[in-house]
1. When you go through (1) in contact (Cβ under 8 Å) with a residue 24 or more places away in the chain; (2) open to solvent by 20 Å² or more (accessible area, probe 1.4 Å) one by one for Ala140, which number turns out not to apply?
2. Under the condition of being part of a helix (DSSP H, G or I) and free of Cβ contacts under 8 Å to residues at least 40 places away in the same chain, which residue from the range 118-132 is surrounded by the fewest Cβ atoms within 10 Å (Cβ to Cβ)?
3. Among the residues of the range 84-117, count how many are farther than 20 Å from Arg149 by Cα and of a type in the set (D, E, K, R).
4. Among the numbered conditions (1) in a helix (DSSP H, G or I); (2) within 19 Å of Ile169 (Cα to Cα); (3) under 16 Å from the mean Cα position of the chain (by Cα), tell me where Val151 comes up short.
5. Anything in the range 167-217 that is open to solvent by less than 30 Å² (accessible area, probe 1.4 Å) and at pLDDT below 50? List them, or say none.
6. So Val90 fits all but one of (1) in contact with a helix residue (DSSP H, G or I) (Cβ under 6 Å, 6 or more places away or on another chain); (2) under 18 Å from Leu56 (Cα atoms); (3) among the aliphatic types (A, V, I, L, M); what number is the exception?
7. Is it the case that some residue within the range 160-174 is part of a loop (DSSP other than H, G, I, E, B) and in contact with a helix residue (DSSP H, G or I) (Cβ under 6 Å, 6 or more places away or on another chain)?
8. When you scan the range 1-117 for helices (runs of 4 or more DSSP H) that lie fully inside it, which ones turn up with 3 or more residues that are buried (at least 19 other Cβ atoms within 10 Å of the Cβ) and touching a Pro at 6+ places or on another chain (Cβ under 9 Å)?
Amino acid sequence: MQNFLEALRTQRWDDHRYYHHSRINQTLHLVSAISFLFSYVMIFKDPAISALAGWLVAMTTRQTGHFFFEPKDYDVVNKVTHEYKEGIKVGYNLRRKVVLLTIWALAPLPLYFDPTYFGLFAPAADKTGFVRQVAMIWLALGIGGVLFRTVQLFLVKDVQTGLVWATKILTDPFHDIKIYHKAPLALLRGELIDPDIVRHRWDDDEADEVEEAPRFT
């Protein structure tokens with residue numbers, strides 16, 4: 001268990017220091033995290049609403065921060081290139097995210113040609129029913145995306161890495177609120193880049209000094 005928790009802390013720390021320099025990105029992650037928590041609650045009450053909030057709000061804000069606001073030039077803080085970070089990314093790097101988001105956008109398309117979606121649904125009676133069917137497709141895609149990458153990590157790395165990553169993904173909303181709740185205030189002060197991105201490690205509310213050398217994750 002101790003090894004598992006340490007691996008989880010390492011994945012979280014590397015994700016933060018490599019991919020969350022921008023205060024705009026951090027702020028969007030805060031919005032995303034709150035939206036995901038709403039989705040977590042709604043999945044037990046109305047899975048369709050949960051999926052719509054998760055994909056249209058939480059995922060949109062989160063990925064907007066990564067694609068449009070996070071620096072992609074040489075990382076002088078961590079002394080690595082953007083290509084290096086993409087290559088060692090445990091979860092979905094930007095290339096994998098493009099694939100996932102393309103599938104997300106195209107997944108509802110068969111409903112236009114086949115209202116039963118290959119026999120999975122009864123034809124929608126109205127536009128609301130159609131939207132709810134799209135939402136359920138997206139919900140299945142979200143769950144499938146996590147499971148697919150988890151199993152893939154089992155094969156290309158090891159079982160612990162996959163389980164740690166899945167745990168990180170599911171608990172990221174809670175952790176993002178913890179570490180990024182001050183980002184909007186910093187942004188209002190005109191701070192576009194987090195000056196403390198690797199000054200201290202925030203795991204378990206500790207402030208341990210960390211090395212700036214890249215770590216294979």
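The values are calculated or read from the model by the stated rules, or taken from the named source; none is laboratory data. If you're wondering where the values come from, they're calculated on a predicted model, not measured in any experiment. Cβ placement follows ideal geometry from the backbone for every residue including glycine, while neighbour counts extend to all protein chains displayed. Accessible surface is based on the protein model in full, side chains and every heavy atom, while ligands, DNA and RNA are left aside. Shrake-Rupley method; radii C 1.70, N 1.55, O 1.52, S 1.80 Å.
1. Result: Ala140 fails condition (1) only.
2. Keep residues of the range 118-132 that are part of a helix (DSSP H, G or I), which gives 127-132.
From the residues that got through so far, the ones that are free of Cβ contacts under 8 Å to residues at least 40 places away in the same chain too are 127-130.
Numbers: Lys127: 8, Thr128: 10, Gly129: 15, Phe130: 17.
Across the range 118-132, the extreme among qualifying residues is Lys127.
3. Qualifying residue count, the range 84-117: 1.
4. (3)
5. Narrowing the range 167-217 to residues open to solvent by less than 30 Å² (accessible area, probe 1.4 Å): 168, 172-173, 175-176, 180, 183, 186, 194, 197-198, 203, 217.
If the condition is that a residue be open to solvent by less than 30 Å² (accessible area, probe 1.4 Å) and at pLDDT below 50, then Thr217 is the only one that fits.
6. Among (1) in contact with a helix residue (DSSP H, G or I) (Cβ under 6 Å, 6 or more places away or on another chain); (2) under 18 Å from Leu56 (Cα atoms); (3) among the aliphatic types (A, V, I, L, M), Val90 violates only (2).
7. Taking the range 160-174 as the starting set, the residues that turn out to be part of a loop (DSSP other than H, G, I, E, B) are none.
Within the range 160-174, not a single residue is part of a loop (DSSP other than H, G, I, E, B) and in contact with a helix residue (DSSP H, G or I) (Cβ under 6 Å, 6 or more places away or on another chain).
8. On the way: elements: 2-19, 23-42, 47-52, 60-64, 82-88, 94-106, 110-113.
Correct list: 23-42.
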